[in-house]
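The structure appears below as structure tokens.
The values are calculated or read from the model by the stated rules, or taken from the named source; none is laboratory data. Model, not experiment: these values are computed from the prediction. Ideal geometry is used to build each Cβ from the backbone, glycine not excepted, and the neighbour counts take in all protein chains shown. With ligands, DNA and RNA removed, areas are computed over all heavy atoms of the protein, side chains included. Shrake-Rupley method; radii C 1.70, N 1.55, O 1.52, S 1.80 Å.
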Amino acid sequence: MALWLFKLCVLPHVMLASLAEAFAIAEKNRRASIVTGAAGYLGKCVVHELLEQNGVDHQVFCLVRPTRVSSEQKYWNSAISPAVGVTVLPYDMLDGGDSVKQALDHADGPCCVYHVASNFGPTENHRQTALDNVQGTEDLVRTIASHSLDHRLVLTSSMAAVRGTDQTPQNGKFYTVQDWNTRSVLGANWGASYQWSKKESEQRARDLAQELGLEMVSLCPSFVFGPPRDVESSNSYSIELVGQWARGESQVQSRLFVDVRDVAAAHVAAGIRENTAGKRYIVSTEARVPSQDIASWLADACKETGLSDPAKIHFDAEFSGGAIRIGDKEVEAEERLYQELGIKLQPVKETIAGMAITLLEKSPQP
């Protein structure tokens with residue numbers, strides 16, 4: 001058996017149904033990859049996953065903010081032996097698709113474009129930020145489709161696109177890929193505007209892709225967490241929040257979690273598996289973890305490292321979970337992720353502990 005095929009068959013994230021499927025996936029793996037938001041927490045993990053599955057010479061174009069091009073190219077030149085197939089290019093979400101077209105022009109043949117980039121967080125004009133997210137996604141879809149219909153798009157959406165605050169699931173029990181956020185209102189506040197933008201971006205991308213004949217898969221992760229690949233430069237809301245929890249600076253909250261490494265693996269699988277085209281996946285564990293359990297795991301991490309005082313860790317005992325109580329099944333996801341993408345989610349406890357230890361080592365409590 002060829003070495004590349006052997007490597008594919010033994011990958012821990014991949015469950016193959018047949019040798020024929022292995023060959024089909026291998027052919028898709030030979031496509032170049034383009035990752036928007038590649039300097040971010042999830043984007044960088046997606047690039048690492050691509051290189052681990054395909055080798056350091058796999059052609060990957062990392063699209064990042066212009067100010068990050070030099071530092072990111074330096075990172076990849078030294079990160080993996082080095083990653084000789086990685087090229088870092090500037091990306092502007094609002095340039096009408098020009099920077100995406102530049103990356104497509106650089107690539108050799110069909111590509112898989114992983115659109116991870118999105119503006120998140122409070123801004124002076126959160127309404128306009130949300131509209132920018134949607135416009136940037138629309139421009140990207142049109143650009144890819146006009147370049148070649150042999151490309152594939154994997155869109156990073158969110159559980160925010162699946163449901164809004166206190167929204168009742170369609171089936172009255174738990175959320176599925178048939179659910180869409182009908183609650184979040186553009187302009188209500190920055191959180192609602194962001195949630196609206198994720199739903200609107202995904203819906204418009206799916207409609208456009210179908211209209212233009214472009215293969216597209218959308219992934220809706222819940223709260224993404226886990227040890228960052230690049231501790232020094234990675235930044236995200238989850239990194240900030242879990243760091244605060246571990247140092248006792250804010251109340252530990254119950255969340256619906258998924259490991260960033262599982263989300264990255266799901267992206268790569270969605271990009272290469274034939275049976276995923278046109279589909280939507282929720283990428284998440286299926287029930288919220290009680291805040292008391294999370295606090296206990298964080299306290300253990302503090303004791304293990306000696307880098308923070310476990311007595312300072314405190315948790316929210318008031319929140320019951322909203323439309324679905326904490327501990328009850330909130331989403332339907334895990335069986336489908338395993339059967340169709342070959343992804344078996346990592347235990348939340350291990351990921352929480354690993355993330356806390358990594359963040360405490362980076363920023364120990366004085």
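Only one of Val86, Val134, Val100 is within 21 Å of the chain's Cα centre (by Cα), closer than 20 Å to Ala264 by Cα and among the hydrophobic types (A, V, I, L, M, F, W, C); which?
Values: Val134 fails: closer than 20 Å to Ala264 by Cα; Val100 fails: closer than 20 Å to Ala264 by Cα.
Being within 21 Å of the chain's Cα centre (by Cα), closer than 20 Å to Ala264 by Cα and among the hydrophobic types (A, V, I, L, M, F, W, C) holds for just one of Val86, Val134, Val100, which is Val86.
What single numbered condition from (1) in contact (Cβ under 8 Å) with a residue 24 or more places away in the chain; (2) buried (at least 18 other Cβ atoms within 10 Å of the Cβ) fails to hold for Asp179?
Of (1) in contact (Cβ under 8 Å) with a residue 24 or more places away in the chain; (2) buried (at least 18 other Cβ atoms within 10 Å of the Cβ), only one is false for Asp179: (1).
Take Gly354 and decide whether it is open to solvent by less than 40 Å² (accessible area, probe 1.4 Å) and part of a loop (DSSP other than H, G, I, E, B). First the steps, then the outcome.
Values: open to solvent by less than 40 Å² (accessible area, probe 1.4 Å): yes; part of a loop (DSSP other than H, G, I, E, B): no.
No.
Restricting to the stretch 182-211, name every residue that is in contact (Cβ under 8 Å) with a residue 24 or more places away in the chain and among the charged types (D, E, K, R).
Lys198, Lys199, Glu200, Glu202, Arg204, Arg206, listed by residue number.
Name the one entry in Ser184, Ser201, Ser197 that is open to solvent by less than 60 Å² (accessible area, probe 1.4 Å), in contact with a Gly (Cβ under 6 Å, 6 or more places away or on another chain), within 19 Å of Gly121 (Cα to Cα) and not aliphatic (A, V, I, L, M). Can you show your working first?
On the way: Ser201 fails: in contact with a Gly (Cβ under 6 Å, 6 or more places away or on another chain); Ser197 fails: in contact with a Gly (Cβ under 6 Å, 6 or more places away or on another chain).
Result: Ser184 is the single residue among Ser184, Ser201, Ser197 that is open to solvent by less than 60 Å² (accessible area, probe 1.4 Å), in contact with a Gly (Cβ under 6 Å, 6 or more places away or on another chain), within 19 Å of Gly121 (Cα to Cα) and not aliphatic (A, V, I, L, M).
Check off (1) surrounded by fewer than 23 Cβ atoms within 10 Å (Cβ to Cβ); (2) more than 26 Å from Ser234 (Cβ to Cβ); (3) not small (Gly, Ala, Ser) for Val141 and give me the number that stays unchecked.
Single failed check for Val141: (1).
Of a type outside the set (Ser, Thr, Tyr) and in contact with a Phe, Trp or Tyr (Cβ under 9 Å, 6 or more places away or on another chain): does that describe Ile357? Explain how you work it out, then say what you get.
Working: of a type outside the set (Ser, Thr, Tyr): yes; in contact with a Phe, Trp or Tyr (Cβ under 9 Å, 6 or more places away or on another chain): no.
Judged against the criteria, Ile357 is not a match.
On the basis of being open to solvent by less than 60 Å² (accessible area, probe 1.4 Å) and part of a loop (DSSP other than H, G, I, E, B), does Ala301 make the cut? Let's see the steps before the verdict.
Values: open to solvent by less than 60 Å² (accessible area, probe 1.4 Å): yes; part of a loop (DSSP other than H, G, I, E, B): no.
Answer is no for this residue.
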